[in-house]
1. For the range 16-48, which positions are basic (Lys, Arg) and in contact (Cβ under 8 Å) with a residue 12 or more places away in the chain?
2. It is to be established whether one or more residues within the range 22-39 are under 23 Å from Ala2 (Cβ atoms) and in a helix (DSSP H, G or I).
3. Out of curiosity, is Thr15 surrounded by 12 or more Cβ atoms within 10 Å (Cβ to Cβ), in contact with a Pro (Cβ under 9 Å, 6 or more places away or on another chain) and at pLDDT 95 or above?
4. Identify the residue in the range 51-89 that is small (Gly, Ala, Ser) and in a helix (DSSP H, G or I) and, among all such residues, is farthest from the chain's Cα centre (by Cα).
5. Restricting to the range 97-116, give me the number of residues that are more than 17 Å from Gly59 (Cβ to Cβ) and loosely packed, with under 11 Cβ neighbours inside 10 Å.
6. Give me the residue from the range 18-44 that is over 13 Å from the mean Cα position of the chain (by Cα) and under 15 Å from Cys71 (Cβ atoms) and, out of that set, modelled with the lowest pLDDT.
7. Restricted to the range 18-55, and to residues that are surrounded by 16 or more Cβ atoms within 10 Å (Cβ to Cβ) and of a type in the set (Asp, Glu), which residue is nearest to Leu93 (Cα to Cα)?
8. Would you mind stating whether Thr80 is modelled with pLDDT of 95 or more, at negative phi and of a type outside the set (A, V, I, L, M, F, W, C)?
Amino acid sequence: MAQMRIGELAKATMTTARALRHYEQAGLISSERAPNGYRVYDERAVVRVRNIRCLLVAGLTLDDVRVFAPCLDGNVAAATPSATGLRVAMERLAVLDERIAAQTEARDRLAASLRQVAGDPVRPTV
């Protein structure tokens with residue numbers, strides 16, 4: 001099976017070598033060391049990294065992604081989610097909803113303060 005160095009994997013997955021090292025440190029991908037000390041990855045790492053990126057873009061954290069480790073080598077988007085995967089995703093959604101609500105409240109308080117101080121009708125944008 002073909003192997004690739006970290007720069008090649010980064011290019012193939014449109015990510016950075018730094019991100020790949022971070023995923024490796026988190027235990028989500030693995031590499032071997034070539035005789036010259038360079039990291040080398042199996043070509044299957046491309047699918048794995050793309051799946052990790054997909055889950056991160058969806059709003060999950062690296063800790064959340066660990067739950068999906070058994071299916072990172074396949075088509076994560078098309079796979080039937082496990083009960084644990086669903087629970088983790090729903091918990092992350094609840095955290096994001098809480099953060100959005102807190103930010104909306106802070107924005108509304110700031111807008112109200114500006115209206116009061118400036119006498120200018122600053123309206124919240126939606």
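1. The first filter runs over the range 16-48 and keeps only residues basic (Lys, Arg), leaving 18, 21, 33, 39, 44, 48.
Passing the criteria: Arg21, Arg39, Arg44, Arg48.
2. For the range 22-39, residues under 23 Å from Ala2 (Cβ atoms) and in a helix (DSSP H, G or I): present.
3. On the way: surrounded by 12 or more Cβ atoms within 10 Å (Cβ to Cβ): yes; in contact with a Pro (Cβ under 9 Å, 6 or more places away or on another chain): no; at pLDDT 95 or above: yes.
So Thr15 does not fit the description; no.
4. In the first step, residues of the range 51-89 are kept if they are small (Gly, Ala, Ser); the result is 58-59, 69, 74, 77-79, 82-83, 85, 89.
Adding the requirement that they be in a helix (DSSP H, G or I) leaves 69, 83, 85, 89.
On the way: Ala69: 13, Ala83: 20, Gly85: 15, Ala89: 12 Å.
Among residues in the range 51-89 that are small (Gly, Ala, Ser) and in a helix (DSSP H, G or I), the one farthest from the chain's Cα centre (by Cα) is Ala83.
5. Adding up the residues that qualify gives 4.
6. Kept after step one, since they are over 13 Å from the mean Cα position of the chain (by Cα), are these residues of the range 18-44: 18, 21, 24-25, 27, 29-44.
Adding the requirement that they be under 15 Å from Cys71 (Cβ atoms) leaves 29, 44.
Numbers: Ile29: 96, Arg44: 93.
Among them, the one singled out is Arg44.
7. That would be Glu24.
8. Numbers: modelled with pLDDT of 95 or more: no; at negative phi: yes; of a type outside the set (A, V, I, L, M, F, W, C): yes.
For Thr80, the condition - modelled with pLDDT of 95 or more, at negative phi and of a type outside the set (A, V, I, L, M, F, W, C) - is not met.
The values are calculated or read from the model by the stated rules, or taken from the named source; none is laboratory data. Here the structure is a predicted model, which means the values were calculated and not measured. Cβ coordinates were reconstructed from backbone atoms using ideal geometry, including for glycine residues, and neighbour counts include every protein chain displayed.
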